[in-house]
Amino acid sequence: MRAKGVIGIDIGTESIKVVALEAVPGESLARVVGAGAALTKGMRKGVIIDPTEVTKAIKEAMGAFEKSTGIKSGNVYAGIGGIGVASQKSKGLVAVSRADGEITKEDVFRAIGASETNLSRIQNREILHKFPVLYRIDNETITHDPAGLMGVRLEAEVLFITSFSQSLKNIIKAFEEADVYIEEIIASPLAAAHAVLESREKEVGTMLLDFGASTTSVILFEEGLPYSLEVLPFGSSHITQDIAMGLRVTLEEAEKLKINYGTVRYENSSSNKKPARPAGGTDLVYGNYSKKKLAEIIEARLDDIFELVEKHLKKVERLGILPGGVVIVGGGANLPGIEEFAKERLKLHARVAEPAALGGFKDKVRNPAWSVAVGTTLMALEKKNSLSPFLRGRSGSFFKWLRAFLP
């Protein structure tokens, strides 16, 4: 791989996507060098259940990538999601060390460390990222940068993004058996947000909805930082299953119907508008299946998913009060009508997003489904060149530590 380039891999339930980006001196945009993908087997809701099948899929995806780019190796970063990824906030309180009461960076690091020590529900989990949300000085002054201020006690409130330890071990093992060395693992919702959210959106308050195959990830941003994260156990593959049962067709036929004719025909209950009559005077596709029935099945499942999204927004007290609205990515974001559905259901501005601020072979990844792969690579590229876009959980060589427990 070129000196200022990195490779990012999105480990999805239905597919593995590989993309390479490079930073070119004098150019503001990262360039897409190439991309490759392969269908995945051996995963369920983002968790590996058959490492051999996942290893095979990694080899196929890397083979397609190598064929596209001629690149055989490089700095590889992996984006992971699924039901094993979660977030948790914790607080840590320390006494200011200097006699004159001036808060130092060392005090800040100690407060963050204390918050990690106070984490609950951390058994069998590993920290992927940590973000100091705010600091309190003497239980009064609230700030995002306490260094240099005066006080006696400093409290840090930190958001931790974690994953099951066993899931990480299985992922690392699958990659190593595919002869691919991972330098870092990044939480998929965070990566997707990095690919499509603007700085202004992260500042004012925005929710990113990653509508994947078997899970839907929700991550909220405020004042430039993640505020909460949750992974819901439903995704676009559940829509396919509903279509198969509702129309009594095979899963393969259901997937084709969803991709080729699926839409969300959402009508406001107070509206008297009627859906337009289909062209040609028929409501049937393939001569047998009703478009109206297909839309009703899709809408019913989306309604269930968005009900869970609403519950999360209520839990974090952000329902209806996100100025940046909701940004939708993932393969499910390609479903026609989902943008309007989200607007009506959540009473927020909504848009479907795709990675856009890129150069090179950008058309290869201009699809909402590539947001995690591109975001993972962008974060890795920034980390490689500036060393500070995000914080990892364990200090030192995290993956060398984790590899020691592999069989």
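A short reminder: the numbers here are calculations on the coordinates, not readings from a lab. None of these values were measured; they are calculated from a predicted model. Reconstructed Cβ throughout: ideal geometry from the backbone, glycine too, with neighbour counts over all protein chains shown.
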Item checked: Estimated vicinal HN-Hα couplings, Hz - segment 130-147 in sequence order (Karplus 6.51, -1.76, 1.60; Gly, Pro = x) -> 9, 10, x, 7, 6, 10, 10, 10, 6, 6, 10, 5, 10, 8, 9, 8, x, 4
Checklist line | 0 to 90° range, to nearest 10: angle between helix 251-261 axis and the chain longest Cα axis | finding: 90
Next item on the list: Go ahead and collect, in residue order, the members of segment 46-64 whose backbone nitrogen is under 20 Å from a label point 7 Å along the Cα-Cβ direction of GLN166.
Entry: 46-55
Next item on the list: Quick one: which residues, 5 or more positions from SER228 or on another chain, have an amide H under 5 Å from its amide H? H modelled 1.01 Å from N in the peptide plane, none for Pro or chain starts.
Entry: LEU220
Notebook entry, point to check: Nearest 0.05, what FRET efficiency do LEU39 and GLU106 give at R0 = 45 Å with Cβ-Cβ as r?
Noted result: 0.35
Item checked: At R0 = 56 Å, FRET efficiency that the Cβ-Cβ distance of MET245 and THR143 yields, to 0.05 -> 0.55
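Apply 1/(1 + (r/R0)^6) to the Cβ-Cβ distance of ASN124 and GLU14, taking R0 = 30 Å, and write down the FRET efficiency to the nearest 0.05.
On the way: r = 26 Å, r/R0 = 0.88.
Efficiency computed from Cβ-Cβ geometry: 0.70.
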Margin query: With just the Cα atoms defining each centre, how far is segment 192-211 from segment 97-156? Give it in Å.
Written below: 26
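Report the extension gain between TYR261 and ASP304 in nm, rounded to one decimal, defined as 0.36 nm multiplied by the number of residues separating them, less their alpha carbon distance.
On the way: separation 43, 0.36 × 43 = 15.48 nm, distance 2.09 nm.
The span from TYR261 to ASP304 would gain 13.4 nm if fully extended.
Over the Cα atoms of the chain, what is the Rg over Rh ratio if Rh follows Kirkwood? Before the final figure, lay out each step's value.
Numbers: Rg = 22.6 Å, Rh = 22.6 Å.
Taking Rh as the inverse mean 1/r over Cα pairs, Rg/Rh reads 1.00.
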Checklist line | For segment 70-205, share of DSSP beta bridges that run antiparallel, in % to the nearest 5 | finding: 85
Note to self: For a quick check: with amide H placed at 1.01 Å from N, whose amide H comes under 5 Å from GLY46's, ignoring anything fewer than 5 positions away on the same chain?
What the structure shows: THR13
Margin query: Please list 3J(HN,Hα) in residue order for segment 339-346, calculated via the Karplus relation 6.51 cos²θ - 1.76 cosθ + 1.60 where θ = phi - 60°; whole Hz, with x for glycine and proline.
Written below: 4, 5, 4, 4, 4, 5, 6, 9
Notebook entry, point to check: On a 0 to 90 degree scale, rounded to 10, what angle separates helix 51-69 from the longest Cα axis of the chain?
Noted result: 90
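For the chain, give me the percentage of DSSP beta bridges that are antiparallel, rounded to the nearest 5 percent. The partial results should precede the final answer.
Details: 57 of 75 bridges.
Taking every DSSP beta bridge with both residues in the chain, the antiparallel ones total about 75 percent.
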